[in-house]
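Report on the structure given below.
Each value in this text was obtained by applying a stated rule to the coordinates, not by laboratory testing. Predicted, not measured: the structure shown is a model, and the values here were computed from it. Counting neighbours? That spans all protein chains shown, and the Cβs are built from the backbone with ideal geometry, glycine included.
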Amino acid sequence: MSPGSSSVRRPPVALYIHVPFCQAICGYCNFNRGLFDEALKTRYLDALTREIAAAPGRQADTIFFGGGTPSLLAPASLEAILEAIRRDREVAADAEITLEANPDDVKPEAAAAWHELGINRVSLGSQSFDDTVLAWMHRTHSAAQVPAAVDTLRAAGIGNVSLDLIFALPEHLDRSWSNDLARAMALEPAHLSLYGLTFEPHTALDRWRQRGEALPPPDDRYAEEYLAAVEAFSRHGFEHYEVSNAARPGYSSRHNSAYWERRPFLGLGPAAHSNVGPVRAWNEREWEAYRRRVAAGEDPVAGSEELDEAALTLEERYLGLRTDRGAPEALIGQAAERWIEEGWARRGDGRIILTPEGWLRLDALAVHG
Ligand code: SF4
């Protein structure tokens, strides 16, 4: 299907490309990823571009390379993927095109090539500015490589840089959260994403816990550090627009906002999820299963479901409460009065909007009221 055909008049999609390879496996990570080598890269590119060619040719207004570690792909590989995308669909002239990158992959030549390809936003997996913490996490970068990466991106013309930070780390690391926040703010990023450390099954972190080598911090540490970040956002002029995300005005993530606003999104690559209208679908999670299906000319979708009215309502409530748009008051009901009284929410334009104290209780409030 070519650009200009009837499909491009439908609402545009947010396009997600999953790159499931990493240079090393971080201790806390349970994402879909594996170790990277050149042979895998070639087979990945072949499978992905086949899937792109077979996918619906609908206009994309955002493209997000997520992972895994998309910055491990050479610029020529990213170019091949973008060409495959553009071959069968229009990409909006002002599309937000994001690349997740590890700081140690940000080199001047790579950054210049990303800019040349139209990549206009980079999400850096910075996590901390403490070398002991980074080594404990098995990250491949050093603290000094984060500001260097930000400078390199800016010099290449990519000013829209987001930093990831992990909080609620085990106490034995003696990590200074206030120092990490200050170091992040000093770089004046356009966007910040927060992740509270969780001990997921089948991770190195979980094994360390079982051996008594890493224990979750006391419960109140999570809330204290989250609220300290919220205070820093407001002091530095960020809009805290989603439970875990804050941006300078005009720099909220358009791609991630598509998820939260339930706009159509299409995920390509192993384990990628899609959602168009009431239908959710997910690709084969395991790389080999994904590759075999695509190579055989089959759709790599492993499963799908159509949400009924009740599930759609619950989703609208949950996604709305995640953001500073809030959820329609009619979806919250009588619980709203108690939330407001407790300081967990406020009213605005017929919607109920959670406060940071409410966001600390998001799952409980969204599900149980
Ligand atoms: S780089 Fe990201 S995806 Fe890869 S192991 Fe680390 S946290 Fe997981």
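Going from the residue with the fewest nearby Cβ atoms within 10 Å to the one with the most, MET137, MET185 rank MET185, MET137. Using a 4.7 Å Cβ-Cβ cutoff, the cysteines of the chain lacking any partner cysteine are CYS22. Can you compute the FRET efficiency between ALA74 and GLU306 using 1/(1 + (r/R0)^6), with r the Cβ-Cβ distance and R0 = 30 Å? Round to the nearest 0.05. About 0.15, to the nearest 0.05. Remind me, relative contact order of the chain in percent, using alpha carbon pairs under 8 angstrom and six or more residues apart? Computed value for the chain: 15 percent relative contact order. Of ASP174, ASP88, the sequence from fewest to most neighbouring Cβ atoms within 10 angstrom is ASP174, ASP88.
Comparing Cα centroids, the range 75-94 and the range 131-154 end up 29 angstrom apart.
Here each label is just a point 7 Å from Cα along the line to Cβ, and for ARG361 and LYS107 those points are 5.1 nm apart.
The distance from the alpha carbon centre of the range 38-56 to that of the range 273-335 is 23 Å, rounded to a whole number. The mean of 1/r over all distinct Cα pairs in the range 59-118, once inverted, gives the Kirkwood hydrodynamic radius of 12.0 Å.
Over all Cα atoms in the range 261-340, the spread is summed up by Rg and Dmax: 17.1, 56 Å. Here PHE265, PHE65 are placed in order of increasing Cβ neighbour count within 10 Å, fewest first, which gives PHE265, PHE65. One quarter of the surface of the convex hull around the alpha-carbon atoms of the range 222-369 equals 10.9 nm², the direction-averaged projected area. Per residue, the chain reaches -11500 deg cm²/dmol at 222 nm when only DSSP H runs of four or more residues are counted, each adding -39500 (n - 2.57).
All alpha carbon pair distances within the range 108-249 were sorted into 10 Å bins beginning at 0; the resulting P(r) in whole percents reads 11, 39, 33, 15, 2. Residues in the range 165-181 near a label at ALA24, defined as backbone nitrogen under 18 Å from the 7 Å Cα→Cβ point? Residues 166, 173 qualify, since their backbone N sits under 18 Å from the label point.
With all pairs of different C-alpha atoms in the average, the Kirkwood value for the hydrodynamic radius of the range 167-272 is 16.0 Å. For the chain, the share of DSSP beta bridges that are antiparallel, to the nearest 5, is 40%. Legend: translational diffusion of the chain by Stokes-Einstein, Rh = Kirkwood radius over C-alpha pairs, 20 °C, 1.002 mPa s; D = 99 µm²/s.
Between ALA76, ASN120, THR140, the Cα set farthest toward the positive side of the dipole of the range 15-166 (charges on each charged residue's Cβ, about the Cα centre) is that of ALA76.
Taking θ as phi - 60° and the Karplus parameters 6.51, -1.76 and 1.60, the scalar couplings of the range 216-227 work out to x, x, x, 3, 6, 5, 4, 5, 4, 6, 4, 5 Hz in sequence order, x denoting glycine and proline. Summary value for the range 45-136: 32 percent relative contact order, contacts being C-alpha pairs under 8 angstrom separated by 6+ residues.
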